[in-house]
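*Asks:* The structure that follows is given in the form of C-alpha cells.
The values are calculated or read from the model by the stated rules, or taken from the named source; none is laboratory data. As the structure is a prediction and not an experimental result, all values here were calculated from the model. For neighbour counting, all protein chains shown are included, and Cβ atoms are generated from backbone atoms with ideal geometry for every residue, glycine included.
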C-alpha cells in the first residue's frame, strides 16, 4: 500500500494537500494525487492530521472512490495512548465526517503514542482498549487499529481482547524510526490472533526477521 499524510494548505486557496506537519504547503494537492493513484493497483492509506483536512477531503474521496477498486484506508489518532504524546482528533467528530464514506473503506483508528529509549514504556492499557471498543462497537466499517511494535510485548492480553470483540477488527503493527524492539515480541500475537487479522507496516529487515522466526 501507499501511505500519505494530508494537511490543509496554510494560505489561500485553503485545500487538502500532501504534506506532514510542520509543513504548511505542498506542490501536490490531494485531488491531483488521487487522480494518479487510482490508475495503479496499490491500495492507499490516507493519514489525516486535522479534522479540517478531513472535512475538506470527504467530497474528493467520495468522487474518487466511485472510480476505484483498490483498498482505501482512512487513518487518524482518535484517542490518547501510551506515553500521552500529542492531541488526538476528536473521535466523534472524525466518525461524523467519514460516516458518508462507503463501508468498504477501512477506518484505521489509533492512539497517540510515545516511546522513549532507556525507560519503562507502558503498553496499551485496559482503559485504552475499552474506550476504543466503546467508540467502534456501533460502526459498520472494517476497522484496523494501528499499534506501535515497541509497545506490544506488554499489551498482548489487552489487544487480543479488543480483537475478540468483533470480526471486523484487525491490527496494523508499525514502528517509529528510532524505536527498539525484539521481533520475538510480536510472535505471541501469531498464536492468539488469526494471521489474516494482523498487518505489518515495518522496515524490510524487520519483516524478514519476522518471517524467518515464523518458519522455525
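*Asks:* List the number of the failed condition for residue 112; all other conditions in (1) surrounded by 16 or more Cβ atoms within 10 Å (Cβ to Cβ); (2) in contact with a helix residue (DSSP H, G or I) (Cβ under 9 Å, 6 or more places away or on another chain) hold.
*Replies:* Here residue 112 clears every test but (2).
To keep it simple, each residue is scored yes or no on (1) in contact with a helix residue (DSSP H, G or I) (Cβ under 7 Å, 6 or more places away or on another chain); (2) within 27 Å of residue 38 (Cα to Cα); (3) in a helix (DSSP H, G or I).
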| site | (1), (2), (3) |
| --- | --- |
| 68 | no, yes, no |
| 89 | yes, no, no |
| 97 | yes, yes, yes |
| 108 | no, yes, no |
| 122 | no, no, no |
| 127 | no, no, yes |
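*Asks:* For the range 140-174, which residues satisfy the criterion of being under 17 Å from residue 118 (Cα atoms), in contact with a helix residue (DSSP H, G or I) (Cβ under 7 Å, 6 or more places away or on another chain) and either modelled with pLDDT under 95 or in a loop (DSSP other than H, G, I, E, B) (or both)?
*Replies:* 152, 153 - these are the residues of the range 140-174 that are under 17 Å from residue 118 (Cα atoms), in contact with a helix residue (DSSP H, G or I) (Cβ under 7 Å, 6 or more places away or on another chain) and either modelled with pLDDT under 95 or in a loop (DSSP other than H, G, I, E, B) (or both).
*Asks:* Under 6 Å by Cβ, and 6 or more places apart or on different chains, what pairs join a residue from the range 41-65 that is without any contact (Cβ under 8 Å) to a residue 12 or more places away in the chain with one that is surrounded by fewer than 16 Cβ atoms within 10 Å (Cβ to Cβ)?
*Replies:* Within 6 Å, no pair qualifies.
*Asks:* Could you say whether any residue in the range 186-203 is at pLDDT below 95, within 21 Å of residue 45 (Cα to Cα), part of a helix (DSSP H, G or I) and over 15 Å from the mean Cα position of the chain (by Cα)?
*Replies:* Checking the range 186-203: at least one residue is at pLDDT below 95, within 21 Å of residue 45 (Cα to Cα), part of a helix (DSSP H, G or I) and over 15 Å from the mean Cα position of the chain (by Cα).
*Asks:* Within the range 32-59, how many residues turn out to be surrounded by 15 or more Cβ atoms within 10 Å (Cβ to Cβ) and either farther than 26 Å from residue 200 by Cβ or out of contact with any helix residue (DSSP H, G or I) (no Cβ under 7 Å at 6 or more places or on another chain) (or both)?
*Replies:* 14
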